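Read the structure below first, then the notes.
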Amino acid sequence: MPENKKNSLTASSISRTLGSLVKRSHTLTPYHQDNVPPQLLRLILQQMASPGVLLLDHEMNPVFVNSALTELLGQQIVTGNWHDPLQREDAEHLLSGLAIAVLEKTRFKTECRLQAGTESTPFRWLGCEAQPLYKEDCGFEGCLCTFTDITDQRLTNDNLVQLSLYDPLTNLPNRSLLMQRLKRALATNTATDLALVFVDLDGFKLINDTLGREHGNKLIKEVSERINSCLEPTDLLARLGSDEFTAIVESDNAHRRADEISGMIINAIERPFFAREEPVYISASVGIAVAKPGIDADRLLQQADVAMYNAKKLKGNAVQYHSHELTAQNRAKLLMGSHLHCALERTEFKVFYQPQLDIISNKICGSEALLRWKNPHLGSIPPSVFVPMLEERGLIVQVGEWVLSEACHNQARWHREFPESKTTISVNVSSLQLHDRHFLDKLKRVLDTSGLLPQYLVLEITETILLDEFVSECRLLHDISALGVKIALDDFGTGYGSFSYLKKHPIDHIKIDRSFVDNLFDCEENKAITTSIIDLSHKLGKTVIAEGVDSQDELNFLMLRGCDIFQGFYTSKAIPSTEFAERFLFGSETDSEI
């Protein structure tokens, strides 16, 4: 460095400037900066490991460089091109920033990248802080610049940004980044230019639980690649959760493109995946929401989610669009769910009874307890609507226990009031109730408190319950049977029916599903199936009950085939307990009612 450049700043300004820097670095605490010789200050700054120090004169040429800066830059400073070691655009930014700082007499901070780097660290980052220097008469004298290696800090910050905005498994944007991009897209696009495609895998939990997290993660990564292959570079795919993906689709006709993309995604995911060299098949439910004028990002994502959920209700592997009708249905369902939670404590539930008659004598032999719900605001809600909601919300156990208790207490009271009409009472039991490890104790307690003899109680279970591994493998049904309580297999023949169940489990009654009775005369196959169920059940020593009998012709057919008991509208719909007792228990005669 030329000697004349070294002396272009006055000795007092050098002492003042460098002394201030040394004082800030706490390396010269015993001295007052005004009393320290400049040569000593230079020596101290040369020995400092950090920061790198650069002193510029009024022409922005270097007059002092410490060894720490030389080491940071990896080369000696050249007088006219001291910024050459920096990336060109960063150097230009630094110079323009210094010029503004001089004009405005302010400090200036920035970050710069060095030209040199490594394969693992393409850029080394320096933090730069500059302070313009002025004479006592306010004339510009130069700049003091300090440089610090902030590469590790930048890498840490970049990693934090990556973790906060990207999914670590797939490297796809996460929910946070998706919402940022979606808000920006909604602000710049017209209504028909944007759609959201919401993808949820069907059956992924089973695969994850069966094959383990490692194979589950591998499948998720491959799913993300397959979905991405269906998109254009202008689309954005994000992973929202375990097996949920959402794509922002921007196009002149987003509705049409979203439809095409969804079909491609369905087909792509249908292809087999391989785990442990074995093929694994899954499907996807896809919901589409097209942006409307004025809609916000949260609302659009919610609409796509609702549409996906509606596709999943179709048993998956389907695509559904969001619509105003769907929104209205969900609002109604939400309102109904709110009322449903309070229905039991508000005594809105009632137990109605449908008579079961001996098919030969035509006399009452039992009844089925059926739950009914009438809300003061919503009116009467069909069981086909509210019972699935009870199961979805986990309320079926509590309500089921109430129905069981109500039916048993009522039946015991009828036995006391009508001792010559000791009929049975059938109560439906859900799979969730049987999963309760205290169910048997609760059943015993209900029988004890009601006084109902066990042989007059029939618990109705569906075929699907017998497919439940827990119920199938435990001895609960055998323990129930040991009490003397009867067990009926409801809805037999609707898809899972197998007479092998009747050998393994203590089933007393077989109930022919109403779908066979309703369509009995539509084709010969229905007649043959119904006849076979009756014949084989009898050979296994089971009682056969036909439900949904609504006409004399249906009754005659069943009577000729040897069916034992029937119920249906031909006799009566389900009615309140008082009406039931008056019609079917008083005198035990029912001929006049049919």
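From the list GLU582, GLU554, the lone residue that is surrounded by 20 or more Cβ atoms within 10 Å (Cβ to Cβ), in a helix (DSSP H, G or I), charged (D, E, K, R) and modelled with pLDDT of 85 or more is GLU554.
Just checking: which of the strands (runs of 3 or more DSSP E) contained wholly in the stretch 327-436 hold 2 or more residues that are closer than 22 Å to ASP490 by Cα?
Details: elements: 349-358, 364-375, 379-381, 424-428.
In the stretch 327-436, 349-358, 364-375, 424-428 are the strands (runs of 3 or more DSSP E) which contain 2 or more residues that are closer than 22 Å to ASP490 by Cα.
Restrict the check to the stretch 353-373 and report whether at least one residue is surrounded by fewer than 16 Cβ atoms within 10 Å (Cβ to Cβ), within 30 Å of GLU270 (Cβ to Cβ) and out of contact with any Pro (no Cβ under 6 Å at 6 or more places or on another chain). No, the conditions are met nowhere in the stretch 353-373.
Say whether the condition of being surrounded by 13 or more Cβ atoms within 10 Å (Cβ to Cβ), of a type in the set (S, T, N, Q) and modelled with pLDDT of 95 or more is met by at least one residue in the stretch 525-542. The answer is no; no qualifying residue exists.
Is it the case that the stretch 326-346 has a residue that's acidic (Asp, Glu) and either farther than 24 Å from CYS408 by Cα or surrounded by 13 or more Cβ atoms within 10 Å (Cβ to Cβ) (or both)? The answer is no, given that none of the residues of the stretch 326-346 is acidic (Asp, Glu) and either farther than 24 Å from CYS408 by Cα or surrounded by 13 or more Cβ atoms within 10 Å (Cβ to Cβ) (or both). Scanning the stretch 446-493 for residues that are more than 33 Å from the chain's Cα centre (by Cα) and of a type in the set (Ser, Thr, Tyr), we see that the one that is surrounded by the fewest Cβ atoms within 10 Å (Cβ to Cβ) is THR449. Which members of the stretch 565-585 meet the condition of being free of Cβ contacts under 8 Å to residues at least 12 places away in the same chain and within 46 Å of the chain's Cα centre (by Cα)? None; the set is empty.
Can you confirm whether ALA116 is in the same structural domain as VAL53 (by TED's automatic domain parsing) and either at pLDDT 85 or above or part of a strand (DSSP E or B) (or both)?
Working: in the same structural domain as VAL53 (by TED's automatic domain parsing): yes; either at pLDDT 85 or above or part of a strand (DSSP E or B) (or both): no.
Spelling it out, it is not the case that ALA116 is in the same structural domain as VAL53 (by TED's automatic domain parsing) and either at pLDDT 85 or above or part of a strand (DSSP E or B) (or both).
In this structure, is LEU182 modelled with pLDDT of 85 or more, part of a loop (DSSP other than H, G, I, E, B), touching a strand residue (DSSP E or B) at 6+ places or on another chain (Cβ under 8 Å) and closer than 26 Å to LEU240 by Cβ? No; evaluated as a whole, the condition is false for this residue. Give the number of residues within the stretch 54-78 that are assigned to a loop (DSSP other than H, G, I, E, B) and loosely packed, with under 15 Cβ neighbours inside 10 Å. Number satisfying all stated conditions: 5.
Residues that are surrounded by fewer than 19 Cβ atoms within 10 Å (Cβ to Cβ) and over 19 Å from the mean Cα position of the chain (by Cα) within the stretch 194-211 comprise THR210, LEU211, listed in sequence order.
Residues of the stretch 292-318 that are under 21 Å from ARG256 (Cβ atoms), touching a helix residue (DSSP H, G or I) at 6+ places or on another chain (Cβ under 6 Å) and at pLDDT 90 or above: none at all.
Of all residue pairs spaced 6 or more apart or on separate chains, those with beta-carbon atoms under 7 Å, a first member in the stretch 244-264 that is at pLDDT below 90 and a second member that is polar (S, T, N, Q) and surrounded by fewer than 15 Cβ atoms within 10 Å (Cβ to Cβ) are GLU250/THR234. Any residue that is closer than 28 Å to ARG372 by Cβ and touching a Ser or Thr at 6+ places or on another chain (Cβ under 7 Å) - is there at least one of those in the stretch 569-579? Yes: one or more hits.
The values are calculated or read from the model by the stated rules, or taken from the named source; none is laboratory data. This one's a predicted model, so the numbers in the text were calculated from it and none came from an experiment. Positions of Cβ are backbone-derived with ideal geometry, glycine not excepted, and every protein chain shown enters the neighbour counts.
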